[in-house]
1. Based on the mean of other Cβ atoms within 10 Å per residue, sort peptides 78-87, 48-57, 2-11 so the most packed one is first.
2. Of all the accessible heavy-atom surface of the range 50-111, with the other protein chains kept in place and a 1.4 Å probe, what percent is carbon and sulfur?
3. On average, how much accessible surface per residue is there in the range 3-111, in Å², for a 1.4 Å probe, leaving out ligands, DNA and RNA?
4. On full extension of the chain, what length is gained from Asp115 through Glu16, given 0.36 nm per residue of separation minus the C-alpha to C-alpha distance?
5. Using a Förster distance of 35 angstrom, determine the FRET efficiency expected from the C-beta separation of Glu60 and Val35, and round it to 0.05.
Amino acid sequence: MADVTHMRIDELDRVEGFLEGKGFKFHRARAELGVTSFGMSIIDMPPETTDYPEHDHSTEGPGNPPADQLGQEEVYIALHGSADVEVDGHPYPLDADHIIRVGPTARRKILPGPDGIRLLAISGVPGQAYDPGSTRRSHGHPRA
């Protein structure tokens, strides 16, 4: 049998409580698909919200992820919809024609467009092997 996992995104396990009541859905893509070499989540964001927290992965503090995520870089890919990703105050479009990588020290905030966005977030620490059995967390929630 082929080494493959195929699922509908809406069937992936969701992190409960992620910006609860604000229209966000945080799907545990890495764990559900059995990915072992990098972190991966799918996040559905409602149109034109500003509720997604501005954060970086270089320090602990308000809005930032916990210490076990320090040093993480992230790649965001729009699966549908659009957003601006503000990085250190500069907006970058994220849509079907654009992809973005954000380093650990850069402050980022995702601002969905008029149709909202479903985005794929891929994460890891540069130069460090990924450990799917670790207690590392993704976007402030159990490793997705």
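1. Values: 78-87: 18.8, 48-57: 16.7, 2-11: 8.3.
The most tightly packed comes first, giving 78-87, 48-57, 2-11.
2. On the way: 1630 of 3030 Å².
C and S atoms contribute 54 percent here.
3. On the way: 5800 Å² over 109 residues.
Computed with neighbouring chains in place, this is 53 Å² per residue.
4. On the way: separation 99, 0.36 × 99 = 35.64 nm, distance 2.30 nm.
Here the segment from Asp115 to Glu16 would lengthen by 33.3 nm.
5. Details: r = 26 Å, r/R0 = 0.75.
Efficiency, from the Cβ-Cβ distance: 0.85.
The values are calculated or read from the model by the stated rules, or taken from the named source; none is laboratory data. All of these numbers come straight from a predicted model, not from anything done at the bench. Using ideal geometry, Cβ is built from the backbone for each residue, glycine included, and neighbour counts are taken over all protein chains shown. For accessibility, only protein heavy atoms count, side chains too; no ligands or nucleic acids. Shrake-Rupley method; radii C 1.70, N 1.55, O 1.52, S 1.80 Å.
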